[in-house]
């Protein structure tokens, strides 16, 4: 059953020159379990710069699949120690990206939980950033 959820997404990107970008957004979305996998669905906010983009995460035991649809599109798989490639399509350009997950911590129940993902991001096989993504999911219960 689909549940309303508060979803907090924190991201940190560290670039090769040492610069660091941080993002922290909280949005309402939905969260559910189907056939053993968890799904988290939400609309991106202005904080991420991706207004008009819907994000869906499929969380399996040892794999996370990110699907972005709308103004930007991407399907990226994260699996520890496996380099997965994707194409990130925006209204301005398309990018060929690779993501190598180095650490994945997934702790979910039907009430919510958290995901922590540390990964390297590559463009044209060149490392462009070291990333940490933390997602907190909490069922939105009436007060």
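Just so you know, all these numbers are worked out from the coordinates, no wet-lab data involved. Values in this document were obtained by computation on a predicted structure and should not be read as measured data. Heads up, the Cβs are rebuilt from the backbone with ideal geometry, glycines too, and the neighbour counts pull from every protein chain shown.
On the given criteria, is residue 130 touching a residue at least 60 places away in the same chain (Cβ under 8 Å) and either assigned to a loop (DSSP other than H, G, I, E, B) or touching a strand residue (DSSP E or B) at 6+ places or on another chain (Cβ under 6 Å) (or both)?
In short, yes.
Take the residues in region 110-121 that are in contact (Cβ under 8 Å) with a residue 24 or more places away in the chain and under 16 Å from the mean Cα position of the chain (by Cα); name whichever of them is surrounded by the most Cβ atoms within 10 Å (Cβ to Cβ).
119
In the list 81, 17, 37, 24, which residue meets the criterion of being in contact with a helix residue (DSSP H, G or I) (Cβ under 8 Å, 6 or more places away or on another chain), surrounded by fewer than 16 Cβ atoms within 10 Å (Cβ to Cβ) and free of Cβ contacts under 8 Å to residues at least 60 places away in the same chain?
Working: 81 fails: in contact with a helix residue (DSSP H, G or I) (Cβ under 8 Å, 6 or more places away or on another chain); 17 fails: in contact with a helix residue (DSSP H, G or I) (Cβ under 8 Å, 6 or more places away or on another chain); 37 fails: in contact with a helix residue (DSSP H, G or I) (Cβ under 8 Å, 6 or more places away or on another chain).
Only one candidate passes the filter, namely 24.
Which of the residues belonging to region 95-109 are surrounded by 11 or more Cβ atoms within 10 Å (Cβ to Cβ) and either free of Cβ contacts under 8 Å to residues at least 40 places away in the same chain or within 17 Å of residue 132 (Cβ to Cβ) (or both)? Steps first, answer last, please.
To start, the set of residues in region 95-109 that are surrounded by 11 or more Cβ atoms within 10 Å (Cβ to Cβ) comprises 95-104, 106, 108.
Answer for region 95-109, where residues must be surrounded by 11 or more Cβ atoms within 10 Å (Cβ to Cβ) and either free of Cβ contacts under 8 Å to residues at least 40 places away in the same chain or within 17 Å of residue 132 (Cβ to Cβ) (or both): 95, 96, 97, 98, 99, 100, 101, 102, 103, 104, 106.
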